[in-house]
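This report refers to the structure that appears directly beneath it.
The values are calculated or read from the model by the stated rules, or taken from the named source; none is laboratory data. Because the structure is predicted, anything quoted here is derived from the model rather than measured. All Cβ positions, glycine included, derive from the backbone under ideal geometry; neighbour counts span all protein chains shown. Accessible surface is based on the protein model in full, side chains and every heavy atom, while ligands, DNA and RNA are left aside. Shrake-Rupley method; radii C 1.70, N 1.55, O 1.52, S 1.80 Å.
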Amino acid sequence: MLHVDLLLLDLVIVLAAARLLGAVARWLGQPPVIGEIVAGILLGPTLLGPLIGDQLFGAEMRPPLQALANVGLVLFMFVVGLELDQKLVRGKGRIAVTVALGSTVVPFVLGCVLALGIAGDHVGGDRTLPFVLFMGAAMSATAFPVLARILTDRGMQRIALGGLSLAAAAVIDVLAWTVLAVVVGIAGAGDAEGQWKVLLTVPYALVMFLAVRPLLARLVPAYEKAGRLTPSLLSLVLIGLIGSAWATEWMHVHFIFGAFVFGAVMPREGAERLNHEILERLEQLAVLLLLPMFFVVAGLNVNLRALDLSSLGTLAAILAVAVGGKLLGSYAAARAQRLPDRQSWAMAVLLNTRGLTEIVILTVGLQKGVLDDELYSLMVVMALVTTAMTGPLLRRIYPDRRVARDIAEAERAALGVAAAHRVLTVVPGSPAEQAPLVDLASALARATSPSEVVLAHLRPYPQGRLEVGSGLSSELAELAETLHDLEGLAGTVRAHGPEVRVVSRFSGDVAAELPELVTGAQPDLVVLPADVSGYVGIRDGVACRVVTVCPAAASGLQDSPARTTAASPGSSDPAARTSAAGPIAVHHGSGGDAAAHVALTLALLQDRPLVVVGGGRASALAQRLARLGVAAASGAVPAGALVVAPDAGTAVDGAHLLVRAEQDADPVDWAAAVSALRAPVPHP
């Protein structure tokens with residue numbers, strides 16, 4: 001007999017626990033679904049045990065709670081189908097499909113192999129096939145709604161990586177639901193009735209897309225005529241939704257497919273306002289009341305007390321297959337499509353998110369008898385772990401500052417603004433003496449198009465009191481001469497292609513103001529001497545790549561690509577010791593690829609040989625560049641070479657340039673770098 005008072009008390013407890021632990025999960029940077037599932041686990045036999053748990057959530061209470069949860073699941077799957085942007089796949093095409101296949105096939109195959117190994121402990125002989133296929137489908141799932149929420153919370157839906165991940169997840173969703181439909185059909189086709197009903201799935205899909213979709217399109221003019229979502233229109237939608245869910249359940253295919261398909265066939269063109277109002281009405285009921293009920297009820301079926309040491313071994317195998325299969329399959333497919341290394345790993349981490357979708361799939365498996373209680377509990381733990389690890393891993397692989405940079409680039413692209421690669425050069429002292437420094441900046445700027453060079457020059461106010469007359473005229477004349485020299489340097493840079501801006505003014509405190517000027521310019525590369533005022537503040541204040549010119553090694557800069565100096569081998573001038581044909585040497589090692597990239601840029605633009613100095617990594621890089629047609633070799637530093645070294649906190653004897661990599665630097669794609677440097681640079 002159903003005790004209504006106990007049912008209402010259960011609802012109060014479930015909703016309060018779901019909201020509380022959902023808020024805690026959000027505070028910890030996790031999706032609320034994790035807190036809701038944990039709430040169900042804590043309310044179940046794992047924590048409360050049989051004494052209290054059976055009193056509150058006993059056998060007679062589970063059916064009505066499950067019924068409410070199933071209604072919430074119908075509404076939720078309809079929302080998922082309705083919010084599924086079909087343009088995502090069309091917009092990203094080949095890359096999204098390739099990544100989705102890699103992210104699905106690898107964990108599916110590994111999941112099937114694992115299922116064959118543990119099938120004897122969990123299912124009977126006639127259930128082996130659906131069990132194996134089900135485990136493969138469960139391992140390959142990706143939670144599209146949770147993924148979308150994670151991307152939205154970080155603003156990543158506005159960048160290429162976010163759009164590509166959503167597109168791949170949409171394809172994975174379709175593949176996972178298709179496989180699950182097959183599994184459920186096989187599992188439910190135990191008698192003749194079940195077998196022939198499953199065959200109605202194809203006619204059902206044709207009717208939905210060819211007949212029901214055009215009928216639903218008539219809702220749009222009716223909505224526009226009424227000017228709002230009337231109760232009659234919403235009732236028609238709900239009747240169709242529940243009828244579609246009933247049809248697939250009657251066909252021995254789970255009701256979630258009917259709800260999802262009905263959402264997918266809802267009109268899109270011109271129906272934005274209609275769909276928004278439908279979502280607004282249904283999401284409040286589904287997300288606030290019924291959907292948390294579903295996840296808590298799912299957690300009630302988890303009993304971690306029943307697990308023993310052998311279960312921990314199975315859990316470890318499940319996690320290894322689920323995480324390893326997803327990460328490796330997604331990463332390999334993304335790299336095969338030539339996505340950068342960092343973006344490939346970030347996409348793999350995102351597609352490893354399971355959350356909502358996984359719990360739905362596992363609940364279907366439990367209801368259809370494909371999973372036993374022990375394996376269901378282990379798989380729920382796997383879903384929690386893979387969802388919880390997404391946020392921290394993503395922040396480590398793709399930090400917030402990297403996301404902000406990508407968002408800014410996406411906004412500029414949307415406005416049709418080509419972002420120039422900005423190289424800022426700090427010009428100290430007398431500009432007339434800094435031609436080699438500016439030439440170096442010009443060469444590094446020409447490696448990227450479009451590019452811009454900013455010449456920053458601050459000079460201290462004159463000491464003492466300025467007097468009207470000769471004193472003031474002298475300072476103004478000096479400033480005019482400085483500007484003239486800077487414009488002369490700027491003209492040399494413009495002759496080679498890049499745009500130039502000159503920033504020159506008096507300063508009361510050069511060491512304090514110069515770092516602010518450099519940081520405010522938001523450069524992509526900074527070139528400066530090591531002895532400039534405020535050097536430490538500049539170096540530590542910018543997130544971009546920094547090229548430091550060592551004070552005792554100015555001789556190597558006289559042969560910069562824009563200004564070469566012919567000198568006899570026996571010249572006594574230290575500024576002419578390195579001939580234009582001399583090599584460029586780079587110390588390649590712990591500092592990453594930045595120093596080698598700068599050296600490669602100078603070597604190719606000036607047509608000079610490159611010598612890579614270091615251990616095994618240096619030799620491997622030299623061989624790789626040589627295969628790309630670069631005059632590169634490994635060995636000791638040749639005499640008279642321009643020496644480039646990573647700025648890794650330890651001094652390198654004889655280095656002319658020290659290069660600090662930008663924050664969150666990507667490994668250099670050497671083939672692309674060589675190709676870009678050899679491409680003709682457009683001149684204005």
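Numbers below:
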item: Among residues of the range 422-433, those that are open to solvent by 10 Å² or more (accessible area, probe 1.4 Å), at pLDDT 80 or above and of a type outside the set (D, E, K, R), counted; result: 1
item: Flag for residue 669 being within 14 Å of residue 596 (Cβ to Cβ) and open to solvent by 50 Å² or more (accessible area, probe 1.4 Å); result: yes
item: Residue within the range 316-332 that is touching a Phe, Trp or Tyr at 6+ places or on another chain (Cβ under 9 Å) and not in a helix (DSSP H, G or I) present; result: no
item: Among (1) over 19 Å from residue 666 (Cβ atoms); (2) among the aromatic types (Phe, Trp, Tyr); (3) modelled with pLDDT of 75 or more, the one test that residue 345 misses; result: (1)
item: Options 71, 24, 38, 12; residue that is within 26 Å of residue 374 (Cβ to Cβ), modelled with pLDDT of 80 or more and β-branched (Val, Ile, Thr); result: 38
item: Out of 516, 475, 481, sole residue that is more than 24 Å from residue 447 (Cβ to Cβ), part of a helix (DSSP H, G or I) and at pLDDT 85 or above; result: 516
item: For residue 310: the one exception among (1) open to solvent by less than 20 Å² (accessible area, probe 1.4 Å); (2) under 24 Å from residue 135 (Cβ atoms); (3) among the hydroxyl-bearing types (Ser, Thr, Tyr); result: (1)
item: Qualifying residue in the range 189-196 (condition: modelled with pLDDT of 70 or more and either open to solvent by less than 10 Å² (accessible area, probe 1.4 Å) or assigned to a helix (DSSP H, G or I) (or both)); result: no
item: The range 120-141 residues that are under 17 Å from residue 178 (Cβ atoms) and without any contact (Cβ under 8 Å) to a residue 40 or more places away in the chain, paired with ones that are assigned to a helix (DSSP H, G or I) and of a type outside the set (A, V, I, L, M) (beta carbon under 7 Å, 6 or more apart); result: 132/112; 135/111; 135/112
item: Residue tally, condition open to solvent by less than 10 Å² (accessible area, probe 1.4 Å), free of Cβ contacts under 8 Å to residues at least 60 places away in the same chain and closer than 10 Å to residue 586 by Cα, over the range 597-611; result: 2
item: Pairs where the first residue, in the range 668-680, is without any contact (Cβ under 8 Å) to a residue 40 or more places away in the chain and among the aliphatic types (A, V, I, L, M) and the second is open to solvent by 60 Å² or more (accessible area, probe 1.4 Å) and in a loop (DSSP other than H, G, I, E, B), C-beta under 9 Å, 6+ apart; result: 672/338; 679/449
item: From 319, 351, 304, residue being at pLDDT below 85 and hydrophobic (A, V, I, L, M, F, W, C); result: 304
item: Residue among 237, 212, 220 that alone is open to solvent by less than 80 Å² (accessible area, probe 1.4 Å), part of a helix (DSSP H, G or I) and in contact with a Pro (Cβ under 8 Å, 6 or more places away or on another chain); result: 220
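To keep it simple, each residue is scored yes or no on (1) open to solvent by less than 20 Å² (accessible area, probe 1.4 Å); (2) within 29 Å of residue 15 (Cα to Cα).
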residue: 201; (1), (2): no, no
residue: 232; (1), (2): no, no
residue: 246; (1), (2): no, yes
residue: 255; (1), (2): no, yes
residue: 274; (1), (2): yes, no
residue: 280; (1), (2): no, yes
